[in-house]
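Quick notes on the structure that follows.
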Amino acid sequence: MPKHKFHLAWFISKGYGPKGWRQPWGGPNPHNWVKPDLLVHLAKELERASFDYVMIEDSSNIPYTYKNSHETYLRLAVDSPKLDPSVLAPFMIQATSRIGVITTLSTTEYNPFMLARLTNTLDHVSDGRSGWNLVTGSNDGGAQNYGLERQYPHDQRYDMADEYVELVQKLWDSWDADAMVIDRDQEIFAHPDKVHPVHHEGHYFRSRGPLSAPRSPQGHPVICQAGGSARGRTFAARWAETIISSAGSVAAMKEFRDDIRAQAAGFGRNPDHIKVLFLIAPIVDQFQESALARKQARIQEADTHIDFYLANMSRLTGIDFSKYDLDEKLPTLTTNGHQTVAARFSGRTPREIVQAGRSLQDVDLVGTPDTVARQMSEIIDAVGGDGFLVTDPELTRRYISEIADGLTPALQKLGVVRSRYEHVTLRDNLLAF
Ligand SMILES: Cc1cc2nc3c(=O)[nH]c(=O)nc-3n(C[C@H](O)[C@H](O)[C@H](O)COP(=O)(O)O)c2cc1C
C-alpha cells in the first residue's frame, strides 16, 4: 500500500524556445514556436491533470562554449533561441485558474527592484499562482550580454543572491496587506502610513523603495530553486519553498532531500514547508514493448546527433566537450557554472552521459502508465517525498497527452496524487500535503 501522496510539476526544458521541430509528432508548422500556443496548451492540460505548477526554464544568450562557436547551437537549436519567459507567463496565467506558473529570472541579470515588481505583478494577475525560479546565472556568454567580462565566481553568486532575496522580500513587504483601501467616500486610495520605504543599503545592492505596487495575493510569490552544490544547497534550504533536483538515483534523491531538510531546520524553517521535486522524463506507452522501443529510438537519436548533446553539456558547465574523446572517462571536472552537473559528468565517458540522457541510474521509468505509476510511488516511499518534475526536452502534444491522460490517471488511481485542487494559490496547494 503506497505510503506517501506527492506533488507533480512540469519543467519546460529549453524555456520559451522551439519544441520538437525535428521530432515525429512535432506538429504541422514549426515556425509557430514563437507563439505561446503549445505552451498555453501544456498549462491547460496540466491543470486538467491537477499539477501543482509549470516551470519555464530560461537562459538569455546564444551559447558558444562548444567548439568555441555558436554554430552547433544555432544549426540544431541547442538551448537557444529563447523568447522572454516573463512574456509567456501571462498567456499561461490568462488561460488557466488553478495551476501555478513559475518563471525563471536571474539575480545577475535583473535589478532587484525590477524583479520584485515583475514577480509581484505576475502574482496579482494570477490571483496568487506565481512563482520565481531563482537562478544566479552560470554561463560567461550570458554575463557578457549584461556588461560583464565573465560570470561572478560560483559561491559569490550565491552570497550576492542572499542579499538580493533579502531586498526583494523587503520590497514585497513594503505595502501592508491592508494599505490599499480604495475608499471612494473618504477619497482614500491607499493609507500612506501603511506603505514603507525600505532604505536598503547593502554590500551589493541599494534601493529606497517602497515597491510601486500593493502587496500581492501571496505576499511573497513562491521561490523555486535548484542549487545542488554545497553552497547551492545551503542557499536553497534558506530561501526556497520548492526545490528542484536532477539527482540521478533513489539514493541520491534521499541524500539530497534529507540534507535540504536538515539545513532548513538549521535556519529555523519547517522542513515540511519545502517541497523537493525530482526531475524525470518518463516514457509511457500502451505496451511495455512499445515503450522500450521508444527508449531505444531515443538512444539511437542521441548517437546520431551527438553534437547536439555535447553542445548542451558544454553550455551547462562552460567546458568545451569537443576537446574530449567520446569513449574515454572524463577526469574530475571543475566549473564556475553548474557544479552539480560537472560532478555528475566526472568519471564517465561523454557517450555514456549522452546515451543516459535524463534516465535515472537505478529505476527505468519506461513502460505502461500503471507500471511507471507504481515505480514513481515506490521511489517517493523510499525517499520520503515530495514529488516529481516531469519534462521532455523535445516537447510534443503527444507527450503531453501521454502524461496528462495516461500516467496521471494511473497515479490518481493509486491515490498518490491529487484529483482536484484543494486551494487557489500556488503556496496553499503546495502545502496541502
Ligand atoms: C530542474 C532544474 C531546472 C533548472 N532551470 C534552470 C534555468 O531555467 N535557468 C538556469 O540558468 N539554471 C537552471 N538550473 C540550474 C540551477 O539553477 C543551478 O545553477 C544548477 O543546479 C547548478 O547549481 P550548483 O552550481 O549549485 O550545483 C536548473 C537546474 C535544475 C536541476
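Table for the structure above
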read-out: Packing-based order for 158-165, 79-86, using average beta carbon neighbours within 10 Å, highest first; value: 158-165, 79-86
read-out: Lysines with Cα under 25 Å of Lys170, excluding same-chain neighbours fewer than 8 positions away; value: Lys194, Lys275
read-out: Theoretical gain in end-to-end length, Ala382 to His203 [0.36 nm per residue, Cα-Cα removed]; value: 60.2 nm
read-out: Trypsin sites (Lys or Arg not before Pro) within region 194-236: DSSP coil, no more than 14 neighbouring Cβ in 10 Å; value: Arg208
read-out: Among Ala240, Ala252, Ala297, residue whose mean-square fluctuation peaks in a GNM of the chain (springs only between Cα atoms under 10 Å); value: Ala297
read-out: Spin-label model distance (nm) - Asn270 vs Arg22, 7 Å beyond Cα toward Cβ; value: 5.0
read-out: Between region 126-160 and region 187-206, the alpha-carbon center distance in angstrom; value: 25
read-out: Accessible area of the chain belonging to carbon and sulfur atoms, whole % at 1.4 Å probe; value: 52
read-out: Proximal lysines relative to Lys329, as straight alpha-carbon distance under 20 Å, when same-chain residues fewer than 8 apart are discounted; value: Lys67
read-out: Rounded to 5, percent antiparallel among DSSP beta bridges of the chain; value: 15
read-out: Positive-pole candidate from Ala311, Thr65, Asn133, dipole of the chain, charges at beta carbon; value: Ala311
read-out: Check: the chain dipole with +1 on Lys, Arg Cβ and -1 on Asp, Glu Cβ, in debye; value: 440
read-out: Residue-wise HN-Hα coupling along region 358-369, computed from phi with Karplus coefficients 6.51, -1.76, 1.60 (Hz; x: Gly, Pro); value: 9, 5, 7, 6, 10, 9, 9, 7, 9, x, 6, x
read-out: Crossing angle, helix 112-125 versus the chain [Cα axis fit, 0-90 degrees, rounded to tens]; value: 90
read-out: Cα-derived Rg to Rh of region 31-117, Kirkwood definition; value: 1.03
read-out: GNM flexibility winner over the chain from Gln263, Gln151, Gln94 (Cα, springs under 10 Å); value: Gln94
read-out: Where region 131-186 is the region considered: accessible area per residue in Å², 1.4 Å probe; value: 47
read-out: Cβ-based charge dipole, region 206-330, positive-most Cα from Ser212, Leu330, Ala281; value: Ser212
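The values are calculated or read from the model by the stated rules, or taken from the named source; none is laboratory data. Source: prediction; values computed, not measured. A quick note on method: Cβ atoms are made from the backbone with ideal geometry, for glycine too, and the neighbour counts reach across all protein chains shown. For accessibility, only protein heavy atoms count, side chains too; no ligands or nucleic acids. Shrake-Rupley method; radii C 1.70, N 1.55, O 1.52, S 1.80 Å.
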